[in-house]
1. Expressed in nm², what is the orientationally averaged projection area of the convex hull enclosing the Cα positions of region 40-175?
2. Mind pulling up the Rg/Rh value for region 1-47? Radius of gyration and Kirkwood radius, both on Cα.
3. Per 0.36 nm of contour for each residue apart, how much would the distance between M91 and D177 grow if the chain were fully extended, relative to their Cα-Cα spacing?
4. Considering every pair of different Cα atoms, what Kirkwood radius, in Å, is found for region 329-460?
5. Can you give the FRET efficiency to the nearest 0.05 for K326 and D115, using r as the Cβ-Cβ distance and R₀ = 35 Å?
6. Going by a ≥ b ≥ c, the root eigenvalues of the Cα gyration tensor, does the chain fall in the rounded group (a/c under 1.5), the prolate group (a/b larger than b/c) or the oblate group?
7. In square nanometres and to one decimal, what's the mean projected area of the convex hull around the Cα atoms of region 173-238?
8. Sort 310-321, 58-69, 29-40 by packing, meaning the average of other beta carbons within 10 Å per residue, with the highest value first.
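Just so it is clear, none of the values below were taken in a lab; they were calculated from the coordinates. Computed from a predicted structure; not experimentally measured. Cβ atoms come from the backbone with ideal geometry, glycine included; neighbour counts cover every protein chain shown.
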Amino acid sequence: MKDFIIVGSGSSGGILARSLQEGGADVTLIEAGKFFRKDTFPRTEAAYSSQLFWGGGLEFDDKAKSAYLRAKCVGGTTNVNQCLMNRFDDMAMDDWRDRSGIDWLTVDALNPHYDKVEDLMELHTFEKKDFNRNAELFTGGCDKLGYGWKYLRRGQKDCKIEEGNDCIGCLGGCQRDSKQSTLVIGIQVAEKLGLEVLSNFEADTVVHHEDHVVLLGEHEGQKKELSARRMILAGGSFGTTKILLNSGLKKALPALGKGFCQHPQYMAFGVFDEPVDSHKGAFQTVASGDPNMRKAGFKLENVYAPPIAVGMLFNSYGREHQRLMKKYRYMACIEAAVRDQPEGGELDVDKKGNLIVRKTLTEQDLVRADKGIEAIHNVFAAVGAKEVVDSPFYFGLHLMGGCSFGTDPNKSVINPDFQVHGHKNIYVADSSVFPSAPGINPSLTIMALSQKMGEELLKN
Ligand SMILES: Cc1cc2nc3c(=O)[nH]c(=O)nc-3n(C[C@H](O)[C@H](O)[C@H](O)COP(=O)(O)OP(=O)(O)OC[C@H]3O[C@@H](n4cnc5c(N)ncnc54)[C@H](O)[C@@H]3O)c2cc1C
């Protein structure tokens with residue numbers, strides 16, 4: 001019997017696959033999506049959206065108000081994200097400690113684990129010389145208004161932007177193994193040490209036994225059953241919560257599915273007379289670094305999206321839609337991401353076992369969103385935008401919660417040792433364990449928690 005089966009291969013699963021395999025364990029990594037590598041990632045936006053993501057590109061909440069993006073491929077969402085790497089601050093950790101009752105949730109306690117995962121990757125902190133015009137407009141507007149901003153730090157190695165590579169292309173998977181996804185820094189390293197990877201394998205349920213766990217699912221369209229001494233669920237907020245709900249754990253664990261957060265993101269476009277070419281070069285290099293915005297519960301980032309995605313963000317038709325799309329090269333874009341409250345979100349399954357996402361933004365979330373959008377308008381006005389187009393839609397790219405960790409089995413799902421309460425052989429350290437939204441990019445912390453859990457598992 002295998003020592004470990006890891007379900008899901010993103011920020012959490014990819015790091016665990018490497019650390020457990022390096023520690024001498026016998027590991028199988030299963031992943032619902034396909035196995036692409038640098039030379040096989042689909043090349044066009046239409047092709048990668050349909051092949052690399054759940055829902056063929058987008059998923060929605062039950063009211064179709066919010067859209068969600070999460071990857072379905074080996075390497076998970078780290079293949080398609082921007083790979084911005086941030087450590088959490090005291091504000092985020094204090095809130096986690098208060099809500100969970102877990103006393104080791106401090107920045108100091110996590111720092112050695114942040115150090116260890118950062119040692120696995122190449123990191124680059126952007127500088128002014130990396131800026132495209134979108135970043136110049138963002139920082140220029142912030143400077144005029146006295147808003148603080150900061151350079152972002154990204155997991156990347158030898159991107160060759162100076163030779164004309166545009167980072168926007170790596171939203172469909174990096175074609176030079178330059179982005180430090182867990183495909184690159186975790187799975188491909190672990191494969192050389194004997195890691196078994198089963199792609200196109202969607203886990204459905206788990207059955208816990210005293211000395212092992214059985215996993216039921218579908219591999220390449222065939223029903224399949226696998227067993228291991230320990231099971232690690234790393235399917236992310238949606239994936240892990242769905243497996244535990246379908247495994248019938250809701251009755252024993254009433255908090256299962258609760259506390260879903262998403263950092264709702266609102267994008268607004270400033271239209272200029274000259275080309276901005278926001279899609280060129282390193283397209284996301286700076287963010288707000290203003291303590292007042294942090295306290296107010298939102299942040300601003302200079303971002304952009306490829307044309308199909310931008311086309312979907314406008315609430316317009318016919319000629320008006322054409323007019324806006326013709327301005328694609330003339331638009332700057334800023335996004336406001338809100339630190340939302342967990343009370344408004346819940347994950348559930350229907351009778352067929354399909355995931356249902358319920359997310360009501362609270363009064364506080366809406367106030368935060370309004371403040372963020374107002375700040376974007378101020379920045380664009382300060383740098384002379386001719387028009388500002390707000391997208392009426394909001395997105396969830398950071399999916400968190402559903403299996404929150406804590407000391408009380410009535411209020412949480414995962415215990416301080418990363419085990420599902422009452423199920424000592426099932427472990428979770430992915431984004432589903434977040435007790436609340438940090439308001440900070442989550443992936444480095446998911447990796448650090450997973451590294452910590454891997455280290456503890458190997459000690460045992
Ligand atoms: C466009 C975009 C940009 C982003 N940019 C950043 C950024 O710059 N910095 C940052 O910190 N965060 C960013 N994020 C968010 C970040 O990537 C995620 O929060 C993080 O990867 C979540 O890690 P995870 O391990 O919980 O889940 P994932 O990385 O999503 O991995 C889960 C994996 O499990 C698989 N899975 C799920 N269910 C099953 C099942 N039943 N059976 C088998 N496999 C299953 C999935 O297919 C997936 O591969 C971004 C996200 C998106 C969409």
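1. Approximately 12.1 nm², given one-decimal rounding.
2. Radius of gyration over Kirkwood radius for region 1-47 works out to 1.10.
3. On the way: separation 86, 0.36 × 86 = 30.96 nm, distance 3.41 nm.
Length gained, M91 through D177: 27.6 nm.
4. About 17.6 Å, per the Kirkwood formula over Cα pairs.
5. Computed FRET efficiency for K326 and D115 comes out at 0.15.
6. On the way: a/c = 1.67, a/b = 1.53, b/c = 1.09.
Because a/c hits 1.5 or more and a/b exceeds b/c, the chain counts as prolate.
7. Projected area, direction-averaged: 6.1 nm².
8. 29-40, 58-69, 310-321
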